[in-house]
Amino acid sequence: MIKPLHEPGIAAGAAVGVLLTTALISILYAGWRLFSLPFVPFDIFDWMSRVLPGSIISFGIGTMVAIIRAVHVGPTASTAKVVEQATGIVILLIAGAVIGVLFFAIMRAVHRRYACVVGTGLGLLVGIAGMLVSSRIGHVSSGSSLAKAIWILFLFLCWGAAFAWVYQRLLTVSKVAAISEQRREELAQFAPGHVERINRRNFLIRLAGAAATITVSGAVIGAVSGRHQNTSSSELSERWSTHNPLPNEEASVTPAPGTRPEYTSLEKHYRIDINTIAPSVDEHTWKLHVQGLVEQPLALSLEDIRSYIPIHQFITLACISNPVAGDLIGTTRWTGVSLKRLISDFKLKKNATHIKIQSADGFYEIVPIETIMSDDRIMLAYAWDGVPLLREHGFPLRIYIPDLYGMKQPKWIDSIEVTDHWEPGYWVVRGWDEVARMKATSVIDTIHVNANDAHSDQRQRVVIGGIAHAGARGISKVELQVDDGPWQQAAVRTPLSDLTWIIWRYEWPFEAGNHTFTVRCSDGNSQLQISLPSPPEPSGATGLHRKTKSL
Ligand SMILES: Nc1nc2c(c(=O)[nH]1)N[C@H]1C(S)=C(S)[C@@H](COP(=O)(O)O)O[C@H]1N2
Ligand SMILES: [Mo]
């Protein structure tokens with residue numbers, strides 16, 4: 001039997017799917033911004049990033065960082081978050097198109113009176129999947145999980161019912177258009193299917209208009225109701241750096257003009273984690289749970305943790321995904337309690353050898369107790385730059401472990417399990433380095449020609465400067481090479497601490513022409529940085545940074 005002309009096809013299914021799903025996403029968005037209800041597209045992305053094989057995820061991260069850097073669109077970390085969020089939305093749109101096609105395909109096989117059953121059935125299935133994914137990720141820790149589940153199911157049911165309604169309408173407009181068999185045959189001679197298409201097109205255009213109205217309304221409601229992101233001046237005034245000079249203020253070597261700030265403002269500090277939206281943890285109900293191989297499990301409040309004598313350390317944190325000269329690195333002042341001190345109150349059992357640190361987002365890492373006992377700089381930190389950790393940076397509690405990349409240092413910690421064995425942490429399971437010791441790296445931030453010098457009698461100088469960093473090993477030497485010349489030692493500024501990057505500076509007598517500058521450093525053990533280029537995966541990027549400038 002030949003299918004009647006008026007059955008909607010694949011293209012119509014995909015178009016209807018995209019339209020209805022766009023409207024759905026905008027309502028979810030408004031619900032998220034107004035009432036902190038789950039935003040399913042972001043949850044889908046985060047869920048996928050957790051369950052997909054590590055090799056695919058790491059390839060995705062590497063490609064994304066490379067593209068962002070190549071097109072110079074902005075800071076890598078925040079741009080990557082936007083790309084991830086957009087990907088979540090596109091994935092749901094594609095799923096919507098697929099459901100649309102599937103729905104119309106099913107409707108070809110069954111009678112039209114089942115449209116509503118099929119539509120709501122599909123909506124229910126997708127809704128249940130969305131609900132499960134969302135509760136698994138649970139970005140928004142506040143609010144009842146029942147209300148969230150109902151919200152998601154309700155919206156997806158309406159969405160499924162909308163498919164059925166659209167389908168019925170499409171059939172009706174087709175029928176009206178068919179006028180009479182005879183008339184249709186006449187028309188079909190020179191324009192087969194023409195009548196249907198015109199009417200269907202009108203209907204789809206109106207549907208698109210309705211979807212666009214809902215989408216714009218949702219987007220506008222969401223945009224105006226969202227908490228504002230800008231930091232107020234009263235918030236800024238509470239920061240440590242607003243009131244205090246840096247400890248190396250008097251250092252004789254000054255940064256070359258154009259060098260990045262030695263102390264990174266909290267807003268400029270890179271953010272990397274597995275969440276499209278940072279988990280928000282309620283300070284009043286939050287507890288650090290200590291369990292496993294302890295005589296007695298503990299539940300410490302933030303107050304309890306703050307009651308220990310605090311330690312303050314200037315720290316440079318870097319992401320293992322940072323390419324040579326990338327921006328996934330930052331320096332601030334961390335405040336917390338030494339874990340060695342805290343652990344002495346844990347009453348460990350005899351066979352305790354490791355702790356497994358677990359986070360609100362499902363991230364985790366394992367640290368040997370021996371390491372903790374041998375290094376009192378390892379700390380549980382609750383403040384950066386004198387204020388409670390920002391949500392994006394792990395509020396209320398994160399760990400610091402000297403010399404290791406960020407991938408070993410959980411944010412949003414909620415429990416510590418004492419165990420008797422090592423196991424690979426979140427990123428180690430996904431193929432990254434077991435140790436993740438920071439590689440020595442040096443970067444040229446600026447090649448500066450002082451405009452005033454052009455008219456002076458003195459020989460003009462080019463001032464070159466940047467940073468060098470080798471985890472907690474410090475930097476013993478920075479050298480600069482101009483073109484193919486000899487390596488020359490640069491001046492090194494006293495760092496903020498043994499745990500931060502250092503700022504270096506080199507002055508070079510001006511010589512007109514095109515010049516290439518290359519930098520290299522040696523760590524505190526006089527170990528020269530690795531000059532062979534290698535990508536960040538799996539152990540951190542190596543290679544020399546080089547910049548060419550015509551003078
Ligand atoms: N809970 C949790 N902690 C985490 C991560 C994460 O995804 N989840 N990412 C880690 C990685 S890879 C890095 S580089 C640092 C980044 O810390 P920052 O965002 O405060 O700069 O956090 C680490 N801690
Ligand atoms: Mo990282």
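The values are calculated or read from the model by the stated rules, or taken from the named source; none is laboratory data. For clarity, every value in this text was computed on a predicted model and none was experimentally measured. All Cβ positions, even for glycine, are placed from backbone atoms using ideal geometry, and neighbour counts span all protein chains on display. In case anyone asks, the SASA skips ligands and DNA or RNA and just uses the protein heavy atoms, side chains included. Shrake-Rupley method; radii C 1.70, N 1.55, O 1.52, S 1.80 Å.
Numbers at a glance
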| read-out | value |
| --- | --- |
| Segment 434-551, dipole about Cα centre (Lys/Arg Cβ +1, Asp/Glu Cβ -1), debye to the nearest 20 | 120 debye |
| Probe 1.4 Å, protein heavy atoms only - accessible area per residue of the chain in square angstrom | 47 Å² |
| Mean Cα-pair separation over length for segment 449-551, i.e. relative contact order, pairs under 8 Å, 6 or more apart, % | 27 percent |
| Kirkwood hydrodynamic radius (C-alpha pairs) into Stokes-Einstein, the chain, 37 °C and 0.692 mPa s, D in µm²/s | 121 µm²/s |
| Solvent-free Debye scattering, log10 I(q)/I(0), computed from the Cα coordinates of segment 199-331 at q = 0.17, 0.21 Å⁻¹ | -1.28, -1.42 |
| Helix 40-51 vs. the chain, principal-axis angle (Cα, 0 to 90°, nearest 10) | 60 degrees |
| Accessible surface ranking that places the most exposed of V83, V65 first, with a 1.4 angstrom probe | V83, V65 |
| Length-normalised contact order for the chain - Cα pairs under 8 Å, 6+ apart - percent | 14 percent |
| Candidate residues W432, W427: accessible-area rank, largest first, probe 1.4 Å | W427, W432 |
| Distance violations [Cα-Cα > 32 Å] among K268/K349; K349/K408; K349/K439; K347/K439; K287/K350; K268/K347 | K268/K349; K349/K439; K347/K439; K268/K347 |
| Ratio Rg/Rh [Cα only; Rh per Kirkwood] for segment 408-551 | 1.12 |
| Exposure of F203 as accessible area (Å², to 10), given a probe of 1.4 Å and all protein chains | 10 Å² |
| Solvent-accessible area of V73 with every protein chain in place, 1.4 Å probe, in Å² to the nearest 10 | 90 Å² |
| Alpha carbon centroid spacing (whole Å) that separates segment 234-306 from segment 487-551 | 28 Å |
| Net charge dipole size for the chain [Lys, Arg +1 and Asp, Glu -1 on Cβ; Debye, nearest 20] | 1940 debye |
| Accessible area in the full protein assembly, largest first, 1.4 Å probe, for C319, C116 | C116, C319 |
| Phi-based couplings in Hz for segment 287-295 (Karplus 6.51, -1.76, 1.60; Gly and Pro marked x) | 9, 8, 8, 10, 9, x, 7, 10, 4 |
| With Cα atoms, 0 to 90° folded angle of helix 145-178 axis to the chain main axis | 40 degrees |
| Over the chain: helical MRE at 222 nm, DSSP H runs n ≥ 4 each giving -39500 (n - 2.57), nearest 500 | -13000 deg cm²/dmol |
| Percent carbon-and-sulfur accessible area, segment 301-348, ignoring ligands, DNA and RNA, probe 1.4 Å | 55 percent |
| Furthest towards positive pole of dipole, G465, M438, I475, structure part segment 399-551, Cβ charges | G465 |
| Angle in degrees between helix 194-225 and the longest Cα principal axis of the chain, rounded to the nearest 10 | 40 degrees |
| Kirkwood-based Rg to Rh ratio, segment 201-243, C-alpha trace | 1.49 |
| Whole-angstrom Cα spans of segment 252-305 along principal axes, big to small | 56, 33, 22 |
| Aspartates and glutamates with Cα under 17 Å of K81, excluding same-chain neighbours fewer than 8 positions away | D43, D46, E267, D273, D327, D361, E392 |
